[in-house]
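Colleague: Mind looking over this structure? Questions follow.
The values are calculated or read from the model by the stated rules, or taken from the named source; none is laboratory data. Note that this is a predicted model, so its numbers are computed, not measured. FYI the Cβ positions are ideal-geometry reconstructions off the backbone, even for glycines, and counts take in every protein chain you see.
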Amino acid sequence: MADDILSILDKRTGRTYELPIQDGTIRAMDLRQIKTDPEDFGIMSYDPAFLNTASCTSRITFIDGDKGILRYRGYPIEELAENCTFLEVAWLLLKGELPTQPELDNWIQRVKYHTMLHETTKKFLEGFRYDAHPMGMLVSTVAALSTVYPEARNVLDPEIREIEIIRLVAKMPTIAAYAYRHSLGYPYVYPDNDLGYAENFMNMLWKMVEPKYVANPVLARALDILFILHADHEQNCSTNTMRCVGSAQTDPYLATAAAAAALAGPLHGGANEAVLKMLDEIGSKDNIPAYIESVKAGKRKLMGFGHRVYKNYDPRARIIKWTADRVFEVTGANPKLEIALELEKIALNDEYFVKRKLYPNVDFYSGIIYQAMGFKPAMFTVLFAIPRVVGWLAQWQEMLEDAEQKIARPRQKYLGYGERHVVPLEKRLAHAVS
Ligand code: MLT
């Protein structure tokens with residue numbers, strides 16, 4: 001194969017430059033040598049929203065958007081969802097290999113040991129309004145944990161990183177469940193460490209006065225699969241936030257709170273909540289054609305379809321659709337599912353959406369499943385954040401261990417005013433300000 005070299009001719013000067021190509025990328029810093037004169041700053045790459053910029057080297061998750069491939073540490077997501085539990089996959093993402101039985105047993109015990117929250121943290125949660133959005137409560141409470149575990153600031157100490165990672169993986173379900181119970185005015189349910197990860201989460205959500213909560217095994221497995229599917233997704237918006245904030249050596253609780261704040265956005269983790277609002281707006285299958293026309297007219301968005309990376313079917317959507325069928329066998333037919341299935345059928349056969357690669361993504365079905373399981377839409381992004389904390393922490397850890405990484409500080413293309421001078425207040429004329 002010809003040398004991995006990119007040859008660039010700068011017609012402003014007639015000079016040619018040869019930039020090495022490594023793993024399908026060129027180093028942006030190699031562009032800086034391209035100048036018109038020695039005083040020139042040199043060429044920068046310009047990439048709003050990082051559509052074509054690799055911010056890091058990672059060995060955690062691989063996505064092929066054209067082929068609809070998603071692998072964690074090389075394992076296809078389909079095989080992991082079928083053969084593993086969420087905590088097995090969490091170990092894989094964090095450690096790089098699937099655990100042996102002794103490793104898994106020890107990992108489960110260590111996570112179980114840290115499911116409780118300090119009583120002061122419960123009191124912190126009590127300060128929220130009765131109708132506080134659970135994501136606002138989750139982001140704030142995760143940040144507050146940085147005050148409970150101040151030693152977490154020692155981010156360069158692998159042993160301290162390990163214990164803080166376990167605490168976050170263990171406590172996310174507890175915080176999420178407490179936020180849910182707070183929104184209902186129900187007493188909190190303490191973790192029951194006889195139960196598995198998903199079962200214990202259900203226990204803290206739904207246990208009432210029965211002596212021992214017994215989780216429906218189909219729903220528990222469905223949650224576990226949903227957690228696996230949502231655990232990581234390479235450099236998505238919230239993971240990029242985790243890496244950016246973490247690059248300043250901020251403690252993992254504050255960095256995770258920042259990542260969760262990004263996930264709360266309706267264009268990111270909040271998309272599944274937006275899907276339910278869309279289905280509610282459609283109201284019935286008969287209204288779908290009119291809604292489709294309003295989407296084509298640009299008056300509405302088709303939530304839960306399309307993806308920045310996947311240009312064909314989101315592999316997670318296939319698995320979630322199978323999971324949805326299992327859940328609805330337990331919870332009963334879901335009218336929103338009927339609308340969703342009809343919407344999907346129409347969209348997949350309509351040239352307008354096919355041409356624009358608008359296929360159902362992971363959010364399209366996850367919201368319907370969560371709603372069928374009894375969650376309010378405001379909880380959907382919280383359910384996304386619980387497993388995604390594993391991906392955030394795996395990527396955060398990889399960033400800290402990467403010798404190439406330093407504090408994230410992008411450049412800009414400045415098109416504002418050149419130098420100008422202050423006019424005394426009494427002499428200033430009104431400017432048309434936008
Ligand atoms: C995710 O799983 O984070 C979403 O699909 C968004 C993304 O990957 O950009």
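Colleague: Is there a residue in the range 32-47 that is among the charged types (D, E, K, R), closer than 26 Å to Leu267 by Cβ and either in a helix (DSSP H, G or I) or modelled with pLDDT of 95 or more (or both)? I'd like the intermediate steps shown before the answer.
Modeller: Step one: list which residues in the range 32-47 are among the charged types (D, E, K, R), which gives 32, 35, 37, 39-40, 47.
Cutting the leftovers down to closer than 26 Å to Leu267 by Cβ gives us 47.
This time we only want the ones that are either in a helix (DSSP H, G or I) or modelled with pLDDT of 95 or more (or both), so: 47.
Checking the range 32-47: at least one residue is among the charged types (D, E, K, R), closer than 26 Å to Leu267 by Cβ and either in a helix (DSSP H, G or I) or modelled with pLDDT of 95 or more (or both).
Colleague: Would you confirm, using the coordinates I've provided, whether Ile165 is more than 20 Å from Gly367 (Cβ to Cβ), in contact with a Leu (Cβ under 8 Å, 6 or more places away or on another chain) and modelled with pLDDT of 95 or more?
Modeller: yes
Colleague: Would you tally the residues in the range 232-244 being near the ligand (Cβ under 9 Å from one of its atoms) and under 15 Å from Ala385 (Cβ atoms)?
Modeller: Of the residues in the range 232-244, 6 are near the ligand (Cβ under 9 Å from one of its atoms) and under 15 Å from Ala385 (Cβ atoms).
Colleague: Could you list, in sequence order, all residues of the range 379-404 that are away from the ligand (no atom under 16 Å from the Cβ) and either at pLDDT below 95 or in a helix (DSSP H, G or I) (or both)?
Modeller: Those that are away from the ligand (no atom under 16 Å from the Cβ) and either at pLDDT below 95 or in a helix (DSSP H, G or I) (or both): Met379, Gln397, Glu398, Met399, Leu400.
Colleague: OK, next. Any idea how many residues of the range 366-378 are more than 13 Å from the ligand (Cβ to nearest atom) and outside any loop (DSSP other than H, G, I, E, B)?
Modeller: Residues of the range 366-378 more than 13 Å from the ligand (Cβ to nearest atom): 367-378.
This time we only want the ones that are outside any loop (DSSP other than H, G, I, E, B), so: 367-372, 377-378.
The number of residues fulfilling the criteria is 8.
Colleague: Also, I was wondering about something else. Would you be able to say whether some residue in the range 322-336 is part of a helix (DSSP H, G or I), within 26 Å of Gly265 (Cβ to Cβ) and hydroxyl-bearing (Ser, Thr, Tyr)? Spell out how you get there, then give the answer.
Modeller: Narrowing the range 322-336 to residues part of a helix (DSSP H, G or I): 322-331, 335-336.
With the extra rule that they be within 26 Å of Gly265 (Cβ to Cβ), the set shrinks to 323-324, 336.
Then drop every residue that is not hydroxyl-bearing (Ser, Thr, Tyr), which leaves 323.
Yes - at least one qualifying residue is present in the range 322-336.
Colleague: Follow-up. Give the range 99-127 a look and list any residue that's among the acidic types (Asp, Glu) and either modelled with pLDDT of 95 or more or in contact with an Asp or Glu (Cβ under 8 Å, 6 or more places away or on another chain) (or both), or say none. Full working, then the answer.
Modeller: The initial filter retains those residues of the range 99-127 that are among the acidic types (Asp, Glu), namely 103, 105, 119, 126.
Across the range 99-127, the qualifying residues are Glu103, Asp105.
Colleague: Right, another one. Can you say whether Val330 is of a type in the set (Val, Ile, Thr) and without any contact (Cβ under 8 Å) to a residue 40 or more places away in the chain, as far as the supplied structure shows?
Modeller: No, not satisfied.
Colleague: Then there is this: When you scan the range 305-317, do you find a residue that is touching a residue at least 12 places away in the same chain (Cβ under 8 Å), closer than 19 Å to Gly136 by Cα, within 16 Å of the ligand (Cβ to nearest atom) and not aliphatic (A, V, I, L, M), even just one?
Modeller: The answer is no; no qualifying residue exists.
Colleague: Which one of Ala222, Ala264, Ala258 is more than 12 Å from the ligand (Cβ to nearest atom), more than 20 Å from Leu51 (Cβ to Cβ), assigned by TED's automatic domain parsing to the domain that holds Trp322 and in contact with a Cys (Cβ under 9 Å, 6 or more places away or on another chain)?
Modeller: Testing whether each residue is more than 12 Å from the ligand (Cβ to nearest atom), more than 20 Å from Leu51 (Cβ to Cβ), assigned by TED's automatic domain parsing to the domain that holds Trp322 and in contact with a Cys (Cβ under 9 Å, 6 or more places away or on another chain) leaves just Ala258.
Rundown of residues vs (1) among the hydrophobic types (A, V, I, L, M, F, W, C); (2) surrounded by fewer than 18 Cβ atoms within 10 Å (Cβ to Cβ); (3) closer than 30 Å to Ser55 by Cα, yes/no style:
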{"residue": "Glu162", "(1), (2), (3)": "no, yes, yes"}
{"residue": "Thr174", "(1), (2), (3)": "no, no, no"}
{"residue": "Tyr186", "(1), (2), (3)": "no, yes, no"}
{"residue": "Asp194", "(1), (2), (3)": "no, yes, no"}
{"residue": "Asn203", "(1), (2), (3)": "no, no, no"}
{"residue": "Val214", "(1), (2), (3)": "yes, yes, no"}
{"residue": "Thr239", "(1), (2), (3)": "no, no, yes"}
{"residue": "Gly246", "(1), (2), (3)": "no, no, yes"}
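Colleague: Let me ask something else. Give me the pairs, please: first residue somewhere in the range 233-244 and over 19 Å from Val89 (Cβ atoms), second residue anywhere and of a type in the set (A, V, I, L, M) and more than 7 Å from the ligand (Cβ to nearest atom), beta-carbon distance under 6 Å, and either six or more positions apart or on two chains.
Modeller: Cys237/Ala262; Thr241/Ala258; Thr241/Ala259; Thr241/Ala262; Arg243/Met399; Cys244/Ala408
Colleague: Next up: Considering only residues that are in contact with an Asp or Glu (Cβ under 6 Å, 6 or more places away or on another chain) and either within 19 Å of Ala220 (Cβ to Cβ) or without any contact (Cβ under 8 Å) to a residue 12 or more places away in the chain (or both), which ones fall in the range 74-98? Full working, then the answer.
Modeller: Just the residues of the range 74-98 that are in contact with an Asp or Glu (Cβ under 6 Å, 6 or more places away or on another chain), to begin with: 85-86, 93.
The answer is Thr85, Phe86.
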